[in-house]
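Working notes, structure below.
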Amino acid sequence: MAIVALVLWTFTVAAGVYLLITSTRPAGERAAHDEPLVAQATALVEAGTAAEVGTAFAPGGAARPAAPAKPDRNRFDPPSLARAKSEPMPGLRALAEFGHPLLGITGFGIFIGYVLTRDWFLGVIALGVGLGTVAAGVSWATANARAAKRAASGARDPHAMKFTPRLLLLHGAGAALTILLAALIAARV
């Protein structure tokens with residue numbers, strides 16, 4: 001049963017790698033999207049410079065002294081950082097995007113160690129790392145679903161990945177079966 005689980009895990013990893021490779025967008029598309037955001041940031045910086053000079057313009061066109069304002073610490077943030085700061089849990093998607101493949105590779109390596117040595121403890125560790133991988137993958141998919149929902153409402157996110165639903169379902173089903181087999185192995189059934 002351990003060999004079957006290892007082969008299934010290999011197919012799950014292959015589907016995940018293919019999913020990751022096909023889901024990224026070209027850099028040119030991101031750069032084209034960020035141009036309007038850069039123009040908005042430039043306009044905000046220019047408006048801040050006019051306020052620093054000490055004058056502000058009233059609607060009638062007359063200049064009046066500006067009130068001293070508290071410096072804005074976020075004015076030099078790039079658009080991607082501004083979007084990341086506005087997320088409900090900033091950095092969650094980046095953490096899951098990094099952690100899911102990392103945990104998957106680590107668990108795969110530990111499970112190979114289990115298959116080679118048949119040490120029950122390595123099987124249990126591989127199961128725990130696999131469960132962490134599933135949790136990171138689900139949080140990554142949830143964060144991308146929220147980004148897709150925001151994109152549908154008009155706000156675009158250049159870092160949101162668009163996954164193929166069938167391939168995502170295949171990857172998730174493979175992961176669920178792998179975890180089930182690893183749990184059966186850890187339980188010594």
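No lab work stands behind these numbers, since they all come straight from the coordinates. Keep in mind that this is a model prediction, so the values were computed, not measured. Neighbour counts are summed over all protein chains in view; Cβ atoms, including those assigned to glycine, are modelled from backbone coordinates with ideal geometry.
Ignoring lysines fewer than eight residues from Lys70 along the same chain, the ones with Cα atoms less than 27 angstrom from its Cα are Lys85.
Grab the beta carbon distance between Asp119 and Phe11, set R0 = 25 Å, and tell me the FRET efficiency rounded to 0.05. Kindly include the intermediate steps, with their values, before the conclusion.
Details: r = 24 Å, r/R0 = 0.96.
That pair, Asp119 with Phe11, gives E of 0.55.
Packing here is the average count of other Cβ atoms within 10 Å per residue, and on that basis the peptides 94-105, 127-138, 12-23, highest first, run 127-138, 94-105, 12-23.
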